[in-house]
Structure formats: C-alpha cells, structure tokens
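Mind having a look at this structure? Questions to follow.
Bear in mind these aren't lab numbers, they're just calculated from the coordinates by the rules spelled out. In this text, all values refer to a predicted model and were calculated from it rather than measured experimentally. Please note: Cβ atoms are built from the backbone with ideal geometry, for glycine as well, and neighbour counts cover all protein chains shown.
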Amino acid sequence: MFGQMQFGREFFAWLEQLEEEITLRVAAANCAACGGPLHRSDYERKPRGGLIAPEGERAVVRFSLCCGREGCRKRSTPPSLRFLGRRVYLGVVVIVASIVAQALATQKEIRGATGVPGKTVRRWLGWWRGPFLRTEAFVTICALLNGVAVSQIPASIDAKLKGSPEERVRTLLRLLAPLTTSSVRDGSRYLGAVA
C-alpha cells in the first residue's frame, strides 16, 4: 500500500498553502476571548520526516495568531494539516508509519521501513487505539466512514477512504486537523473545502 512511498516538496507546499488559507479565516474571525484583532505570531518548528517525508524536515513555520488588544494577547493557533499537535514528527509520518507498523512484526522492521523508532510508532498506535477514540474527530470519522474497525485503526480508516494513497493521507490529515489546536474552538469550521 504505502511501501517506500515518500511525500515530496509539492505535497508540503500544497499543505502549507491550505494552512495559510485556514489562518486567514481564523484571523478574520477575531479573538474568541475579547473580539480584538488577530495578528500573525508564527513560530519555527523543526519537524522530523523519517524516510516517509524527508522534504518536510526543512525549517517550517507553524502558523499562529495573537490578539492585538492590550490586556488580552491570547494566542489562537489555527488547525494544522502538517503538524499533529505537539508531536515532533509530521502528521503524515504519524499516519503512514502507524499504518505500515500494523503490517510489520518487529521494531527493527518498523524503523527500517519508516525511519522512525519502533518504540515511537508503537506509542502512536496506543494513541490511535486509546485517547484518539475519545475525540470528536473519531466520532466524525465514524459518521463519515461506516464500518471502521477500532482494533485496526488507522489502517481501517485508510481502507475506507477513496483515492490514491496520497489523496487518502490528505483526507485523513484534514479529518485530524481539529485535534491540532486547543486554542481555536471548533477548528473544523475553518477548514471549509480544504483538502
């Protein structure tokens, strides 16, 4: 399925462009706390891509906003298609490495196929089958994709999506995007028709 697939520069340029659009939508809504204007307050990330997404390892900026009203200054970090929360690895790596790991037996095989330590990927699989199941994103996915096998997540989600492997990853990144921020309520409303 994913085998030795790599996600290149065009893939990440596309994600960055969509995130820029999302950021503009969040900025237009103003500060949720006080209604003040939101200004750019981006910050650097140094993500890891392993063997799956080495092109994504370039110095990358996480788009973020900060309230311009004196006394408020609350940060609003829009949903992301590139980052899956605070994880060091890119979202695409978390998805693909987790799916690949489900087909492999040992941590050494996982690292050889993905470039990510097997212990790390096993931890991600624990997240997929534990805390992830208690998220609104999971409820949304189950509503959209009938018959997702919980014991085989994320591979069972991928199997229900349509399109090429890259298109399926894009769709899953979009579905997971609301999980990437806690400072923007109902982040899914800003995704619109992206991805």
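How many residues are under 30 Å from residue 114 (Cα atoms) and surrounded by 13 or more Cβ atoms within 10 Å (Cβ to Cβ) when one looks only at the range 21-44?
Count: 2.
Taking helices (runs of 4 or more DSSP H) that do not extend beyond the range 87-190, which have at least 1 residues that are under 30 Å from residue 66 (Cβ atoms) and free of Cβ contacts under 8 Å to residues at least 60 places away in the same chain?
Because the criterion is at least 1 residues that are under 30 Å from residue 66 (Cβ atoms) and free of Cβ contacts under 8 Å to residues at least 60 places away in the same chain, the helices (runs of 4 or more DSSP H) in the range 87-190 that meet it are 91-103, 118-128, 136-144, 165-176.
While we're here: Quick check: anything in the range 57-66 touching an Asp or Glu at 6+ places or on another chain (Cβ under 7 Å), over 19 Å from residue 174 (Cβ atoms) and hydrophobic (A, V, I, L, M, F, W, C)?
Yes, that holds for at least one residue.
Looking at the range 4-26, I want the residues that are over 19 Å from residue 52 (Cβ atoms) and have a partner that is assigned to a helix (DSSP H, G or I) with Cβ atoms under 6 Å, at least 6 apart or on another chain. Which pairs are those?
Matching pairs, first to second residue: 22/190; 25/190; 26/190.
What is the number of the single condition among (1) touching a residue at least 60 places away in the same chain (Cβ under 8 Å); (2) closer than 16 Å to residue 183 by Cα; (3) of a type in the set (D, E, K, R) that residue 42 does not meet?
Single failed check for residue 42: (1).
What tally of residues in the range 76-86 results from selecting those that are in contact with a Gly (Cβ under 9 Å, 6 or more places away or on another chain) and either assigned to a helix (DSSP H, G or I) or surrounded by 14 or more Cβ atoms within 10 Å (Cβ to Cβ) (or both)?
Matching residues across the range 76-86 total 7.
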